[in-house]
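The next block holds one structure in the form of structure tokens; read it before the comments.
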Amino acid sequence: EPYLAGGGASRRVERRADGGVAVEWHETEARHEAGSPNVIGVYAIAAACKALTEAGFDALVEREQRLVARVREGLAELPEVKVLSLFGDDAPRVGVLSFVVDGWNSSHFAAALSAEYGIGVRDGLFCAHPLVRTLLGADDDEVGECGAPEAAPGERSLNAIRVSFGAGTPDEHIDRFLTAARELITSGPKWTYRTENGRCVPVSA
């Protein structure tokens, strides 16, 4: 048992005669600061801000926009791919693109990218179910899919894939992603997959 209750949230902690603990809580904002301060997190944020400042914000923005353009151009060469956009192709965006692939459930495509190419992407509805369903053109009564349902090949996928990149992404990772997407679409997966606990997982090579 801990010898003190709470952390910064407590003003005074005393042992009662019956062996229990009596706590007098702070009444100000300190009441919401129980536990150990996140010193490592604070230092990490400071280190990240320092590194980004030294790299130069304008240079980082220019590079990110170059990567965005490269990914969008590469995906545009694949007619099976539809990039999702609420504000149109000309709207400013950060290094995040969501898309679907005709003939693939998004969870299956994401699993194949991971298992066969070592590329991590997000699949699902991204905690924005109504928005993603709207971008996918789903009817109001259609339920979007988080996970990997047992759907026949070619059935519409009511979930999406999200790829992200930024300051730490080497240019060759972009080329690797686009090559992997192209190969999966044109040649299909080399592995077989199954749905397990709502996730798509590889069975074998």
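No lab work stands behind these numbers, since they all come straight from the coordinates. From a predicted model like this one, the values you see are computed outputs, not experimental measurements. Every residue, glycine as well, gets a Cβ built from its backbone with ideal geometry; the counts of neighbours run over all protein chains shown.
Got a sec to turn the phi values of the range 59-75 into Karplus ³J(HN,Hα) couplings, 6.51 cos²θ - 1.76 cosθ + 1.60 with θ = phi - 60°, whole Hz, x for Gly and Pro?
The phi angles translate into 5, 5, 5, 4, 5, 4, 5, 5, 5, 4, 4, 5, 5, 5, 5, x, 5 Hz.
Using a Förster radius of 25 Å, what is the FRET efficiency between residue 186 and residue 91 based on their Cβ-Cβ separation? Nearest 0.05, please. Let's see the in-between values first.
Numbers: r = 30 Å, r/R0 = 1.20.
With R0 = 25 Å, the Cβ-Cβ based efficiency is 0.25.
Out of residues 5 or more away from residue 119 or on other chains, whose amide H comes under 5 Å of its own, with H placed 1.01 Å from N in the peptide plane?
For residue 119, the qualifying residues are 114.
Quickly rank 196-203, 85-92 as a protection proxy: mean count of other C-beta atoms within 10 Å, highest first.
Listed from highest to lowest mean packing, they are 196-203, 85-92.
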